[in-house]
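Participant: Dumping the structure here so I can ask a few things about it.
Every read-out reported here was derived from the displayed coordinates using simple, explicitly stated rules and does not represent laboratory data. Quantities reported herein were computed from a predicted structural model and do not represent experimental measurements. Here the Cβ positions follow ideal geometry from the backbone for every residue, glycine too, while neighbour counts run over all protein chains shown.
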Amino acid sequence: MIKKLIPCLGKYKIYAVLTPLCVVMEVALDVYIPILMGRIINIGIYGGGGISYVFKVGVLMILMALLAMCFGALSGRFAALASTGFASGIRSKVFSKIQAFSFSNVDKFSPASLITRLTTDVTYAQMALTTIIRIAVRAPFMLVLTTTMAIRINAKLSLVFLTVMPILAVVLAVIITKAYPLFIKMLGKFDKLNASLQENLAAIRVVKAFVRRDYENEKFTKAATDLQIAQKKAEKLFVLSMPFVQLGMYICMIAVSWFGGNLIIRGGMQTGDLMTFISYIGQILMSLMMISMSFVMIVMSKASVSRIVEVLDELPDISDEGADPELEVRDGSISFDNVSFSYAKDKSNLTLESVNLEIKSGETIGIIGGTGSAKTTLVQLIPRLYDVFDGSLRVGGRDVRDYKLNNLRSAVAMVLQKNELFSGTIRDNLRWGDENATYEELIAACKAASAHNFIMSFPDGYDTWLGQGGVNVSGGQKQRLCIARALLRNPKILILDDSTSAVDTATDLSIRQALRENRGDTTLIIIAQRISSVADADRIIVLDNGKINAVGTHEQLLSTNDIYREVFESQQKGVA
Amino acid sequence: MAETRKQGPAMRPGPRGPGRGGPRHRSMEKPKDIKKTLGRLLAYMLDYKFQLVGVFVGIILSALAGVAGTYFLRPIINGLGEFIGQQSPDLSNLIRTLFIMGLIYLLGSTGSFVYNRLMLNISTGTMRKIRIDMFRHMQNLPIKYYDTHTHGELMSRFTNDTDTLREILSRGIPQLVTSVVSITGVFIMMLVISPILTLLVIIMLFIMLFAIKKIGGKSANFFIKQQRHLGEVNGFIEEMIVGQKVVKVFSREEKVGEEFEELNEKLRKSSSSAQTFAGILMPIMANLSYVNYALTASVGAAMAIGGYLDIGSIASFLQYTRSFSRPITEISHQFNTLLAALAGAERIFDMMDTPPEINEGSVTLVNAEVSDDGTISETERKTGSWAWKRIDSDGKPEYVRLRGEVRFENVTFAYEENKNVLNNISLYAKPGQKIALVGSTGAGKTTITNLINRFYDVQEGRILYDGIDVREIKKDDLRRSLAMVLQDTNLFTGTVRDNIRYGRLDATDEEVERAAKIANADFFITHLPQGYDTMLTGDGANLSQGQRQLLAIARAAIADPPVLILDEATSSIDTRTEALIESGMDKLMEGKTVFIIAHRLSTVRNANAIMVMENGEIIERGDHNSLIEQRGKYYQLYTGMFELD
């Protein structure tokens, strides 16, 4: 799975190659040191090499250990470069992938899950890479090398290794294959626990208001118990791998001592070699333990990696493909030609059905309709936030799919119902609309959106710092800033999706007046719940259940359309 | 590398939290009182007293077996020396030694098997208990706690902090014990074998400690930097993902991508430094131990040639040098994790030490039976009428009929000291009356409802509920007598039916559907793929805001308490639908005392009394017509002459 992410290494790939190379060098030196030690014993002590030999080999050994240290440190450095480069590469790829997503792609993953994928999951992938290029290379190589050297020193005695190690390997393999699915299950329980926790936190007022403490406790206790059971199941076998390795090594120790001892007595081997063998047992033990320990890490990261890959594999369903890069939006005319739309991309589950509508450039259109009547859906098709399911939609006389997204969307500005401001100054936020807007232009847009006065009432004016999501301005102020931001785009089509719901009627009116005066031939589409917000539009569309119920002026609709009249009356009752 | 993964996803502040969110920088937090924290952890583990004893015995056996087994190399190799060249050596000694060694190893392995297995029981069981205790405690915390902590913070108590805690429980503590036992054992054996070689080891030990300190110190600095940059990157990610749709509408993808690259590269740089120091520690320590090994071999051999040491001793000692440095390396490597884990444990315990909601009150809510002469008696039966039960000084119960009369007497309240949100508020809601609260954000409307159900307690003045001070009423019973529909509708994972039933757990299916009909939710529910049995995901993302609000209203309808609080309950429902549910709402509100907070004035028009609030005070009160006649603030608001936000 992690293979799919390899391209994310980019230019740090070289370090991902250098790391295991350094590890290999370090291991080779580490394996050679016990052989030198054996020589000191065999030749220095028994072979009459004397102090000078011991000294000579001793210095060599120390030098080798220091060299190994250098390689080890280098491998650490390279691994750091590789893994952090890897993480940064993933973040960058995933982030830009999300930028390429369409709305329906974004809808598919919740924001929370995308954030997790870009943060925690990346960290796990990074750890997995470190583990692989360091430990996963080191341990097997160490095993192979020590065994080879053991065979070279004494083939007969190495039979001990060759017998015990495969058995251990099989036991470990069985444990790991058995544990793996259980681990995955356990991670699932973890997610469940966290999800229920998050829900509880979000809804704590409801929980308390309905005194559902015991109910929630019960729910959580069950989730926690499930997790514990799953955890025990998953790790039950797994915790035995370490003692198994230990036991295997102990058996090796005794067998090596016995067979080696016999060989020595018969003159088939020297004492120093036996000591080398014994040192090797320790090294093998370490390697095997590392393998079983790194297993957990790799399993944990596997889920993360697959979550990341899921995002990378997601195909953006709206792209510039087939667009004419030169094509610019000519004017603000819009034409819906038998347009149907379905979020589920399912013919039997249409949100919009056969909408036909011609909007002339410069017209003001109001849209009225009940909750769930697909008002937002209708307008979101215009800047191609979603693609039509059936039929065609033309803006400026051309199908929206003929334009590059950038060209289309810079001509169609939309103020979303659920809008966001970003941390930064008011000025920064407004500049989202136009990067190069002058101060005068900012002020003009804010005046039109009735935002200038309240902005100036802040001590820092346009340089007032907004917290994340614009937490320090009120709902109505936020809406007006969002309108100003959209105005700065100087669009051919401006869509306000219930953008003045938190603004009082008088301000609402003055915004609309300002829009009318300044907009030139910008097409204006206003979705509103208040009739007063749309009453003065050139035409008003009444949407009902995904279909156009009626189109007309306020007066026409009032006299001919039941829905419109009902809405109107529901808002008029009791006015003095 | 262990340190970086403690940075969980930064989460958004709660809907009404003061929003001091943002990603947290925490990896270098140090525990304040290690002893106390460890003590409390141990107290948790004491449930497993006997298993814990088993664990310790197992660890000690396993560690000592390693130490003792290695020592046997000495007699074995020395013994071999004597046999070399003999024709028929008497190997019974060797066999006996190997046999004993085998026994010791068997004991050691058994110990290891046992403690690993037991530790799994203990660690998972302890974690379960801690999680449940945390959760239970959390459920008892006052709303104030939730308002002053972000969800991200609380979630991280449950995820990051418990994760690291589990790490020390299942690995850290056993490793610590093993290390201490084997280091001590090895050290003693080394002294026994050769004090001179031991001196060498001690010198090397100092070099190692020096290296740890040097590298550790450097890495700490880089880690702080890394965490800061990680915080920035994660903060940016969070903001841009949440605002992703706006990014797209403004075609800002490229620009945002550039900004992200900049932050990302900064993080990569500092993180590669931090990771380098974490990554080179292990190999440096491991190879220092090889230097030690080489030194021991050379000096030992020199001593052997001089006749001061035998070969068997060298063999044992060499193994000891390896097993001496391993635990030190491991501890040094785990040290940061350990500290982080303890800091996490401390945060967990801090949370559990936060005082829970206090003052349960002594007045309880009981099912009441009202006899013809008006006397009230308590009954087990669900009569549909309720009474407050107060035990008077003689121990005799006294009953007051639950009617839903609410009276504020000169109530003053502040969330933060000296910042009064409510100033000397008095209001009176007769049973069955509809009271509307109108005013701009921050005027104190929601605060009033927060006080009625005692999410917060009044600081001055008092609130009387059927003549009883709410502070004397048991909180649970008080809240059971009220139903709230809030602006932010929270749904739970489960079916639509489950979500409505949340208002009254023992409601039948018919009652659920009846409640849905009252809220006018029945229509859209029956159009869902599986109707009432449609599964809703966590936040009900598959429903529109308006539909969610309808469900919340149905939830209140099924609870059917005498007092109803609607806090912007219909804000996301269009006026036509609102008009449609009006009849249902009328039915729902019939005979109930209702507090309505609404932004849309059409919603409050037919209230018995409308309170216009400003800066924590009620500036106008009256019914719609009288307020319009007054030509005051309400008139301005209503005719749109004044801005409300």
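Participant: If we count other beta carbons within 10 Å of each Cβ, what is the order of B:Ile130, A:Ile443, fewest first?
Facilitator: Taking fewest neighbouring Cβ atoms as first place, the list is A:Ile443, B:Ile130.
Participant: Students often get this wrong: which residues of the stretch B:123-158 have the backbone nitrogen under 19 Å from the point 7 angstrom along Cα-to-C-beta of B:Leu42?
Facilitator: B:123, B:126-127, B:130, by backbone N distance to the label point.
Participant: Would you mind checking the radius of gyration and Dmax of chain A based on alpha-carbon positions, in Å?
Facilitator: 35.5, 119
Participant: Ranked by Cβ crowding within 10 angstrom, fewest neighbours first, how are B:Arg555, B:Arg401, A:Arg512, B:Arg381 ordered?
Facilitator: Ascending Cβ contact count within 10 Å gives the list B:Arg381, B:Arg401, A:Arg512, B:Arg555.
Participant: The stretch B:406-638: percent of C-alpha pairs farther apart than 21 Å?
Facilitator: 56
Participant: Lys and Arg at +1, Asp and Glu at -1: add these up for the other residues within a Cβ distance under 12 Å of A:Arg134 and post the number.
Facilitator: Neighbour charge sum, excluding A:Arg134 itself: +1.
Participant: How do A:Asp331, A:Asp390 rank when sorted from fewest to most other Cβ atoms within 10 Å of their own Cβ?
Facilitator: Least to most surrounded, the residues fall as A:Asp390, A:Asp331.
Participant: Net charge near B:Ile435, counting Lys/Arg +1 and Asp/Glu -1 over other residues with Cβ under 13 Å of its Cβ?
Facilitator: Net charge around B:Ile435: +3.
Participant: OK, next. Test of understanding: extend the Cα→C-beta vector of B:Asp33 to 7 Å, then name every residue of the stretch B:122-159 with backbone N under 20 Å from that spot.
Facilitator: Under cut-off, by backbone N: B:134.
Participant: Calculate, in nm to one decimal, what A:Lys547 and A:Ile14 gain on full extension: separation in residues at 0.36 nm each, minus their alpha carbon distance.
Facilitator: 186.0 nm
Participant: On to the next question. Say R0 is 35 Å: what FRET efficiency, to the nearest 0.05, do A:Glu440 and B:Lys266 get from their beta-carbon distance?
Facilitator: Efficiency, from the Cβ-Cβ distance: 0.50.
Participant: Efficiency by 1/(1 + (r/R0)^6): what FRET value for B:Phe523 and A:Lys345, r their Cβ-Cβ distance, R0 = 22 Å, to the nearest 0.05?
Facilitator: 0.30
Participant: If each DSSP helix of 4+ residues adds -39,500 (n - 2.57) and the sum is divided by the residues in chain A, what number results at 222 nm, nearest 500 deg cm²/dmol?
Facilitator: -20500 deg cm²/dmol
Participant: Which value, in debye to the nearest 20, describes the size of the charge dipole of the protein assembly as shown about its Cα centre when Lys and Arg Cβ atoms bear +1, Asp and Glu Cβ atoms bear -1, and nothing else is charged?
Facilitator: 4720
Participant: Something else: Over the stretch B:325-460, one equal point on each Cα, no solvent: what is log10 I(q)/I(0) by the Debye formula at q = 0.20 Å⁻¹?
Facilitator: Once normalised to I(0) and log-transformed, intensities are -1.20.
Participant: Further question: Would you please give the FRET efficiency between A:Asp214 and B:Asp133, computed as 1/(1 + (r/R0)^6) with r the Cβ-Cβ distance and R0 = 22 Å, to the nearest 0.05?
Facilitator: 0.90
Participant: Still on this model: Please name whichever of B:Met611, B:Gln636, B:Gln530 sits farthest to the positive end of the charge dipole of chain B, dipole taken about the Cα centre and charges placed at Cβ: Lys and Arg +1, Asp and Glu -1.
Facilitator: Comparing the listed Cα positions along the dipole, B:Gln530 ranks first.
Participant: So, one more: Would you mind estimating how fast the stretch B:449-538 diffuses translationally, via Stokes-Einstein at 4 °C and 1.567 mPa s with the Kirkwood radius over Cα pairs, in µm²/s?
Facilitator: Stokes-Einstein gives a translational diffusion coefficient of 85 µm²/s.
Participant: What is the Rg over Rh value, at two decimals, for the protein assembly as shown, using alpha-carbon atoms and the Kirkwood definition of Rh?
Facilitator: Result: Rg/Rh = 1.07.
Participant: Need one value for B:71-80: mean number of C-beta atoms belonging to other chains within 10 Å of its residues' C-beta atoms.
Facilitator: 4
Participant: Through the Karplus equation 6.51 cos²θ - 1.76 cosθ + 1.60, θ set to phi - 60°, convert the phi angles of the stretch A:524-532 into ³J(HN,Hα) values in whole Hz; use x for Gly and Pro.
Facilitator: With the stated coefficients, the stretch A:524-532 comes to 10, 10, 10, 9, 8, 8, 7, 4, 4 Hz.
Participant: Once you put a point 7 Å from the Cα of B:Ala414 and another 7 Å from the Cα of B:Ser92, both along the Cβ direction, what distance in nm separates them?
Facilitator: Here the modelled spin labels are 9.4 nm apart.
Participant: For the residue pair A:Thr425 and A:Val171, what label-to-label distance in nm results when each label sits 7 Å from Cα along the Cα-to-beta-carbon direction?
Facilitator: 6.9
Participant: While we're here: Stretched out fully, how many nm does the piece from A:Asp191 to A:Asn406 gain, at 0.36 nm a residue minus the Cα gap?
Facilitator: 73.6 nm
Participant: I want to check the label-to-label distance for B:Met535 and A:Leu237. Put each point 7 Å from Cα in the C-beta direction and report it in nm to one decimal.
Facilitator: It is 2.8 nm.
Participant: Let me ask another. Translational diffusion coefficient of chain B at 4 °C, 1.567 mPa s, Stokes-Einstein with Kirkwood Rh over Cα pairs, in µm²/s as a whole number.
Facilitator: The calculation lands on 42 µm²/s.
Participant: Of B:Gln459, B:Ser332, B:Ser371, which is farthest towards the positive pole of chain B's charge dipole, taken about the Cα centre with +1 and -1 on the beta-carbons of Lys, Arg and Asp, Glu respectively?
Facilitator: B:Ser332
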